[in-house]
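Have a look at the structure below, then the notes.
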Amino acid sequence: MINGRDFRNTIGLFATGVTVIASGTDDDLRAMTANAVTSLSLEPLLLVVAVHKKARLAQMLQAGYGFSVNILRQEQKDLSNYFAGGWQKEKPPPFRFVPWQGASRLEGCLASIGCNLHQLLEGGDHWIAVGEVVALYKARNVKNPLIFYQGRYKELDAGLDDAIPVNWDFGW
């Protein structure tokens, strides 16, 4: 029998980016930290986000609201902790959401993807939200994403760019 902790420790070896998912209206916007995000399809443009059914943001998805996926910069660890519910300080870190397509986007992040809710599926104790991509935002300076690995934030190797071939041919 496999227990949840062993599974988390094993899947934690899969390095991920860190995002803040936002959904709702300007008057009632909900946001949460998530790393269970992945692209799904190019035709149509779809992505997947997993949201715990007890998360406040899940209520917005169940109501049919769109959402934004905001990819955090390395310098935004405080925002990740805040939106994950682990913030210990009296005042929250500074942040601002700006109106956008799908749902408001987090200002100052590395990139954002705005989505209309395409489908909401059962996934154990999570909802699997499939979003139809309706907007893209990319910061001018796109480097140093916030990375999560083995339960901790990590940094990319500064020399990584030199090791990646410029033109990959996947044979598609």
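Whole Å is fine, so just give me how far the alpha carbon centre of the range 11-59 lies from that of the range 66-113.
Answer, in whole Å: 12.
Just how large is the dipole of the range 1-121 about the Cα centre, in debye to the nearest 20, putting +1 at every Lys and Arg Cβ and -1 at every Asp and Glu Cβ?
360
Give the order of 98, 133 when sorted by the count of other beta carbons within 10 angstrom, beginning with the fewest.
Details: 98 13, 133 21.
Fewest to most other Cβ atoms nearby, the residues stand as 98, 133.
Grab the other residues whose beta carbon is less than 13 angstrom from that of residue 115, score K and R as +1, D and E as -1, and report the net.
Numbers: positive: 105; negative: 132.
Spelling it out: positives minus negatives among the neighbours equals 0.
Residue by residue, what Karplus-based ³J(HN,Hα) values in Hz, rounded to whole numbers, does the range 119-125 have, using 6.51, -1.76 and 1.60 with θ = phi - 60° and x for Gly and Pro?
The phi angles translate into 7, 10, 10, 6, x, x, 8 Hz.
If neighbour count is taken as other Cβ atoms inside 10 Å, put 48, 18 in order from fewest to most.
Numbers: 48 18, 18 25.
By the 10 Å Cβ count, ascending: 48, 18.
Have a look at 111, 34, 63 and tell me which one the Gaussian network model of the chain (Cα, springs below 10 Å) gives the largest fluctuation.
63
Which of these, 116, 141, 70, has the largest mean-square fluctuation under a Gaussian network model of the chain (Cα springs below 10 Å)?
Result: 141 has the largest fluctuation of those listed.
Hey, any idea what Rg/Rh is for the range 1-93, computing Rh the Kirkwood way over Cα pairs? All intermediate terms of the calculation are to be shown ahead of the outcome.
Working: Rg = 14.8 Å, Rh = 14.9 Å.
We get a ratio of 0.99 for the range 1-93.
Which of 147, 11, 71 moves the most in a Gaussian network model of the chain with Cα springs under 10 Å?
Of 147, 11, 71, the most mobile in the Gaussian network model is 11.
For a footprinting-style exposure proxy, rank 90, 132, 107 by other Cβ within 10 Å, fewest first. Walk me through the numbers on the way to the answer.
Values: 90 5, 132 18, 107 14.
Ranked by crowding around the Cβ, least crowded first: 90, 107, 132.
Quick one: net charge around residue 52, please, counting Lys, Arg +1 and Asp, Glu -1 for every other residue with C-beta under 15 Å from its C-beta.
Values: positive: 8, 30, 53, 54, 56; negative: 122, 125.
Residues near residue 52 contribute +3 overall.
Only the coordinates and a few stated rules stand behind these numbers; no lab work does. For clarity, every value in this text was computed on a predicted model and none was experimentally measured. Every residue, glycine among them, receives a Cβ derived from its backbone with ideal geometry; neighbour counts consider all protein chains shown.
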